[in-house]
1. Would you check if there is a residue in segment 31-41 being of a type outside the set (Gly, Ala, Ser), under 16 Å from the mean Cα position of the chain (by Cα) and in a helix (DSSP H, G or I)?
2. Which of (1) crowded, with 18+ Cβ neighbours inside 10 Å; (2) out of contact with any Ser or Thr (no Cβ under 7 Å at 6 or more places or on another chain) does residue 187 not meet, given it meets every other one?
3. Within segment 79-90, can one find any residue that is within 21 Å of residue 186 (Cα to Cα) and either surrounded by fewer than 17 Cβ atoms within 10 Å (Cβ to Cβ) or of a type in the set (Phe, Trp, Tyr) (or both)?
4. Considering only segment 59-130, give the helices (runs of 4 or more DSSP H) lying wholly within it that have at least 1 residues that are within 18 Å of residue 153 (Cα to Cα) and modelled with pLDDT of 95 or more.
5. Take the conditions at pLDDT 95 or above and within 13 Å of ligand 1 (Cβ to nearest atom) and apply them to residue 150. Does it pass?
6. Looking at 230, 177 in this structure, which one is free of Cβ contacts under 8 Å to residues at least 40 places away in the same chain and not basic (Lys, Arg)?
7. (1) surrounded by 19 or more Cβ atoms within 10 Å (Cβ to Cβ); (2) under 16 Å from residue 255 (Cα atoms): which one isn't true of residue 174, the others all being true?
8. Do we find a residue being among the polar types (S, T, N, Q) and surrounded by 24 or more Cβ atoms within 10 Å (Cβ to Cβ) anywhere in segment 48-60?
Amino acid sequence: MKCRRCGQEAEVEIRSHHTAFCRECFFVYFKRQVQRAIKDWQMLRKQERILVAVSGGKDSLTLWDVLLDLGYDATGLFVDLKIDGFSEKAKEKIEAFAQSRKAKLIIVDLEKEGIPIPKVMKHTGKEPCSVCGQVKRYYFNHIAYTQRFHVLATGHNLDDETSRLLANLLRWQMFYLVDQGPVLPPANRLVKKVKPLYRLTEYEIAAYAFLKGIDYFAERCPFSQGATFLKYKHYMNLLEYDFPGTKLDFYQGFLKKMKPFLTPLQKEEAPIAHLCPQCGYPTLAPVCGICRLKEEIKKAGI
Ligand code: SF4
Ligand code: ZN
């Protein structure tokens, strides 16, 4: 197979676009997809300070890599969950990447914060991903706001977005559908959130990371087994295999045909929050969920 741009031997086939690229032309294609996402949704500006949420996996390190290559002021943020045999290895990869790119990195140590994820799970008995997601969201927002970043960027890709869309549509979760999209505007003390990789699949990102030599952390979190989002990804992959281009059509169709009707609901449905008296985070409760969690764990002496 030949590269569509230059006619040399192709290294990456993109079935959804009925095309293939050699290594260098694939990098050009990839960066154009990111630039298009940024431009179409006015995600970022060159003078802004961007906080990139990094887990050590291919998506977040690739996002960080591309943003740095494109000349953005992008600082990494790693929330060290303190999951045995997992978090430490992820941290090593991130630190090595930051050093190799001379990029700024912020690390939040959940042990020091008093809420390492295994302890939180033991205490609450809740499903791991739901508590973990809540804790990570808190620190992403909190660090972005308190350290005066303009935007928080995450490595969500087309697979993440379409599997979430499918799950939300199957249950008509209007509240979640309203919030779904490549950009979430700022509200209260929450900074603007963007997903510059939303046009790219996991496969394309894995190919980019591999060809670019990004040394990412490939192990799955031990708590991800049986997670429902993996099932929805699997079903989307089956559809994509039989009908290449389904994921992009599905998501672009949602953004063009349904999102405009949902955007006005965003304002109506957004609950009005006040600020936590202990940490200043927006909350509907007298004290925010994370400050409550810290107190409970401290009292329980786990
Ligand atoms: Fe957290 Fe779940 Fe992701 Fe593991 S799989 S890092 S528990 S959200
Ligand atoms: Zn608080």
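1. yes
2. (1)
3. no
4. So the answer is 87-101.
5. On the way: at pLDDT 95 or above: yes; within 13 Å of ligand 1 (Cβ to nearest atom): no.
Spelling it out, it is not the case that residue 150 is at pLDDT 95 or above and within 13 Å of ligand 1 (Cβ to nearest atom).
6. The unique qualifying residue is 230.
7. Single failed check for residue 174: (1).
8. Step one: list which residues in segment 48-60 are among the polar types (S, T, N, Q), which gives 55, 60.
Okay, now just the ones that are also surrounded by 24 or more Cβ atoms within 10 Å (Cβ to Cβ), so 60.
The answer is yes, given that some residue of segment 48-60 is among the polar types (S, T, N, Q) and surrounded by 24 or more Cβ atoms within 10 Å (Cβ to Cβ).
The values are calculated or read from the model by the stated rules, or taken from the named source; none is laboratory data. From a predicted model like this one, the values you see are computed outputs, not experimental measurements. For neighbour counting, all protein chains shown are included, and Cβ atoms are generated from backbone atoms with ideal geometry for every residue, glycine included.
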